[in-house]
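See structure below.
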Amino acid sequence: MNNKEKELIAHAKNALKFAYAPYSKFKVGCAILTKDGKIFTGTNIENASYGLTICAERVALFKAISEGAYDIIKLAIYTESKVFTYPCGACRQTLIEFNPNLELLIINEQNQIKRLKLSALIPYPFSKDILK
Ligand code: THU
C-alpha cells in the first residue's frame, strides 16, 4: 500500500467519528481520492424520517463533485464491522457515473483490506451512453 492509500484510509477512519447514525447505530466513514491528490470525506447521515438517510459514499462523492473534483480514482470505506461493507446499489450507480474503474478499498474493524473495482460490483449499470 502506498502513502496516499494510507492517508485515504486514515481519512475514512476519521470521518466515521462524525457519522450521524442514531437509529441504525451503524457508522460508516468514507474518503475519496481525486486524480490530482485531493481527498473528500463523507459519513452516513440518518434522519427521523428514515428513508431520507444518505450513505457515507454519496456524501463524499457529492462533496467532491460540488467542488468541481470530477476525476475520482479511489474510494475507501471503513466500518467497525467484522464483515466488509460493500456500497449499496444506489451508491454504486451514483459512483459509476463518474468512474467505472474506480478502485475501492474496503476496510473492516480488523484492518483487513478488500480491493476491488467498482465495475465488478455493478456489471450492468444504467449508462449515460444510452441518453446520447
Ligand atoms: N450505509 C452507508 O453509509 N454506506 C453503505 O455502504 C451501506 C449503508 C449507512 C446507511 C445507514 O445510515 C446505515 O448505514 C445502515 O444502513
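Quick rundown of the values:
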{"quantity": "Any hit, the range 82-100, residues being crowded, with 21+ Cβ neighbours inside 10 Å, modelled with pLDDT of 95 or more, closer than 20 Å to residue 6 by Cβ and more than 9 Å from the ligand (Cβ to nearest atom)", "calculated": "no"}
{"quantity": "Conditions (1) free of Cβ contacts under 8 Å to residues at least 40 places away in the same chain; (2) within 11 Å of the ligand (Cβ to nearest atom); (3) buried (at least 17 other Cβ atoms within 10 Å of the Cβ): number failed by residue 30", "calculated": "(1)"}
{"quantity": "Residues (loosely packed, with under 14 Cβ neighbours inside 10 Å, more than 11 Å from the ligand (Cβ to nearest atom) and either touching a residue at least 24 places away in the same chain (Cβ under 8 Å) or not polar (S, T, N, Q) (or both)) located in the range 1-27", "calculated": "1, 4, 6, 17"}
{"quantity": "Test result for residue 44, over 16 Å from residue 8 (Cα atoms) and at pLDDT 95 or above", "calculated": "yes"}
{"quantity": "Complete set of residues in the range 101-116 that are outside any loop (DSSP other than H, G, I, E, B) and loosely packed, with under 13 Cβ neighbours inside 10 Å", "calculated": "115"}
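The values are calculated or read from the model by the stated rules, or taken from the named source; none is laboratory data. Just so it is clear, the model here is predicted, and its values are computed rather than measured. Note that we place each Cβ from the backbone using ideal geometry, even for glycine, and neighbour counts take in every protein chain shown.
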